[in-house]
Amino acid sequence: MKKIIVANWKMNPASQKEAKKLFDAVKKFHLKNAEVVICPPFVYLSQLKGLTLGAQNVFYQEKGAFTGEVSPIMLKDLKVWYVIIGHSERRKYFGETDELVSKKIKASVQAGLKVIFCVGENEGDEKQMVVEKQVTEGLKNISSKEMKQVTIAYEPVWAIGTGKNCSVDETLKSVLLIKKNILNLYTRQLSDTIKVLYGGSVTAENAGSYIKEAGVNGLLVGGASLRAEEFINIIKSTAY
Ligand code: PGA
């Protein structure tokens, strides 16, 4: 099965010109066994063509008086296929709750988008409890059928942007924990087939070990996705 390598550019780069340059550099490289998804800031989405696109956020209403927001159908109309929901930076800086995350997931799957649903514990948290709560509440109203459009990204908050990536062993445990939560909520078949990604200080150096040993279906890459050569090397690490 194809590995999914997602680039979360966050609020970067600072200009259209730089965004295009980075995108084109990645586009030149093509690997058949990886699905590469680029998630740039909203303002660049309509200008980048030739690779699968994702958004970094979305609102749950279709349209209306919600100043500053973007709806799932607007993304769909732009030919954006994926959307990241529940990222820890959204939870931390913009106060996103599990309830809001759940509404965003619902609206996005209903609009036909694929969701990358982020979960992960903070430093000092009881991982099992936090991940179970985030998974259960985030997926509260999502049917088994809708779950086919959901990929879960395990991103321990302490590993994001810190250079302290999670060990392969701990990642594997987290993947199994997420699958167990899915089994409790849905069916064995869904638990076996749900795609789980790892994110948090992924680099070209450590990417391969997750793909080979941590039981993940792909990676969510932040900082390293802004460096074309390194990101291409991360994509290459899926070919083994
Ligand atoms: P990082 O970010 O790779 O810079 O740690 C990952 C993410 O936030 O998705």
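Partners of K133 within straight-line reach, counting lysines whose Cα lies under 19 Å from its Cα and excluding those fewer than 8 residues away in the same chain: K92, K103, K104, K106, K173, K179, K180, K195.
Taken one residue at a time, the phi angles of segment 169-183 give Karplus couplings (6.51, -1.76, 1.60, θ = phi - 60°) of 4, 5, 5, 4, 4, 5, 4, 5, 4, 4, 5, 5, 4, 5, 5 Hz. Gly and Pro are set to x.
Calculated mean residue ellipticity at 222 nm for the chain: -11500 deg cm²/dmol, from DSSP H runs with n ≥ 4 weighted as -39500 (n - 2.57), summed, divided by the residue count and rounded to 500.
Which lysines have a Cα less than 19 Å from the Cα of K17, not counting those fewer than 8 places away in the same chain? Within the straight-line limit of under 19 Å, K17 reaches these lysines: K27, K28, K49. For L219, the residues whose amide H sits under 5 Å from its own are I4, I5, V6, Y198, ignoring neighbours fewer than 5 places away on the same chain, with H placed 1.01 Å from N. Extension gain for Q16-K140 works out to 40.9 nm (0.36 nm per residue, less the C-alpha to C-alpha distance).
Comparing G218, G64, G208 in a Gaussian network model of the chain, where Cα atoms under 10 Å apart are tied by springs, the biggest mean-square fluctuation is seen for G64.
Note on A25 and L183: the extension gain reaches 52.9 nm, defined as 0.36 nm multiplied by sequence separation minus the Cα-Cα distance.
Computed over the chain, relative contact order equals 20 percent, with contacts defined as Cα pairs under 8 Å that lie 6+ residues apart.
A 1.4 Å probe run over the protein chains yields, for segment 3-237, 48 Å² of accessible area per residue, whole-number rounding.
Against the compact-protein benchmark of 2.2 N^0.38 Å, the Cα-based radius of gyration of segment 171-237 scales to 1.24. A simple rule links phi to the HN-Hα coupling: the Karplus curve 6.51 cos²θ - 1.76 cosθ + 1.60 with θ = phi - 60°, which for segment 80-86 gives 8, 9, 10, 9, 7, 10, x Hz, with x for Gly and Pro. Note on the chain: semi-axes of the ellipsoid equivalent to its C-alpha gyration tensor, largest first and rounded to whole Å, are 24, 23, 17. Computed from point charges on the beta carbon alone (+1 for Lys and Arg, -1 for Asp and Glu), the dipole magnitude for segment 29-148 about its Cα centre is near 580 Debye.
In a fully extended conformation the segment linking L78 and E229 would gain 51.6 nm over its present Cα-Cα distance, using 0.36 nm per residue. Dipole size of segment 3-237 about its Cα centre, with +1 on Lys/Arg Cβ and -1 on Asp/Glu Cβ: approximately 840 debye, rounded to the nearest 20. Across the accessible surface of the chain, with the other protein chains kept in place and a 1.4 Å probe, carbon and sulfur atoms take up 52 percent. In terms of its alpha-carbon gyration tensor, segment 1-109 comes out prolate; a/c meets the 1.5 threshold, and the first ratio a/b outweighs b/c. Simple rule: put +1 on each Lys or Arg Cβ and -1 on each Asp or Glu Cβ in the chain, find the dipole, and look at S191, I152, W81; the Cα lying farthest toward the positive end is W81.
The values are calculated or read from the model by the stated rules, or taken from the named source; none is laboratory data. A quick note: this is a predicted structure, and the numbers were derived from the prediction, not measured. Neighbour counts are summed over all protein chains in view; Cβ atoms, including those assigned to glycine, are modelled from backbone coordinates with ideal geometry. Accessible surface areas use protein heavy atoms only, side chains included; no ligands, DNA or RNA. Shrake-Rupley method; radii C 1.70, N 1.55, O 1.52, S 1.80 Å.
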